[in-house]
1. Which of (1) surrounded by 12 or more Cβ atoms within 10 Å (Cβ to Cβ); (2) modelled with pLDDT of 90 or more; (3) among the small types (Gly, Ala, Ser) does residue 121 not meet, given it meets every other one?
2. Got a number for residues in region 61-88 being within 16 Å of the chain's Cα centre (by Cα), at pLDDT 95 or above, surrounded by fewer than 20 Cβ atoms within 10 Å (Cβ to Cβ) and not in a loop (DSSP other than H, G, I, E, B)?
3. Give me a count of the residues in region 89-99 that are modelled with pLDDT under 95 and among the hydrophobic types (A, V, I, L, M, F, W, C).
4. Of everything in region 59-82, what is within 19 Å of residue 128 (Cα to Cα) and in contact with a helix residue (DSSP H, G or I) (Cβ under 7 Å, 6 or more places away or on another chain)? Give them in sequence order.
5. If the requirement is being outside any loop (DSSP other than H, G, I, E, B) and farther than 13 Å from residue 112 by Cβ, which of these qualifies: 137, 171?
6. Which one of these is within 18 Å of residue 159 (Cβ to Cβ) and touching a strand residue (DSSP E or B) at 6+ places or on another chain (Cβ under 6 Å): 28, 49?
Amino acid sequence: MSAKENSLETFNSKINKILVISDTHQNCYSDIDNEIKKQILIADLVIHCGDITSHDVINGIKENAKKTLIVHGNSDPPNVRGNIPSKIVFKIEKYIFGIIHPYWGGPPPLDFDLILEEFQGYKLDFVLFGHTHDAHIEEYKGITFINPGQGYSEFVVPMSFCLIEIKKSKISISINKIST
């Protein structure tokens, strides 16, 4: 486990709009949907919950975002995994967030207790996760679990992203689906 995975990164209150994406599964940043790229430009913080699959996508996000937090997923090749952590814990104002890609979790429904074991020692308010491609928000044991869904369209499953907005210590969360 890297030092970054053990530390609690703290952001100041200037982080008001957070974009959460996951499971983009693209080889090139140019292949990311234009709406997601637009959101990357305007968010104060961009979080990717894993399965990026290429350095080009990582670099594109980092070059276009104000701030980024990225974890790797099970579909990320070793050369991508080696450069990014498997989980991150961070704090904005009074809220503590964990980010993970629980590849061992299988299809929905996930065992949230197994995810929480990965964050022992932290009192989380939110867990941001990918892997299942199932966009949803669910509260469990007083913690809000958020999966932004998948960052590409496939068959009948639309791409989606999550926006978290923090204003005057109040938080709002929305899942946004993109029709193609």
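The values are calculated or read from the model by the stated rules, or taken from the named source; none is laboratory data. It should be emphasised that the depicted structure is a prediction, and the values quoted were computed from it without experimental measurement. So basically every Cβ, Gly included, is an ideal-geometry build from the backbone, and we count neighbours across all protein chains shown.
1. Tallying (1) surrounded by 12 or more Cβ atoms within 10 Å (Cβ to Cβ); (2) modelled with pLDDT of 90 or more; (3) among the small types (Gly, Ala, Ser), residue 121 fails exactly one: (1).
2. Number of matching residues: 2.
3. Residues meeting the conditions: 1.
4. Correct list: 61, 65, 68, 70, 72, 73, 74.
5. Values: 137 fails: farther than 13 Å from residue 112 by Cβ.
Answer to the check: 171.
6. Working: 28 fails: touching a strand residue (DSSP E or B) at 6+ places or on another chain (Cβ under 6 Å).
Exactly one residue qualifies, and that residue is 49.
Yes/no per residue for (1) among the hydrophobic types (A, V, I, L, M, F, W, C); (2) at negative phi:
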site: 15; (1), (2): yes, yes
site: 33; (1), (2): no, yes
site: 41; (1), (2): yes, yes
site: 51; (1), (2): no, no
site: 86; (1), (2): no, yes
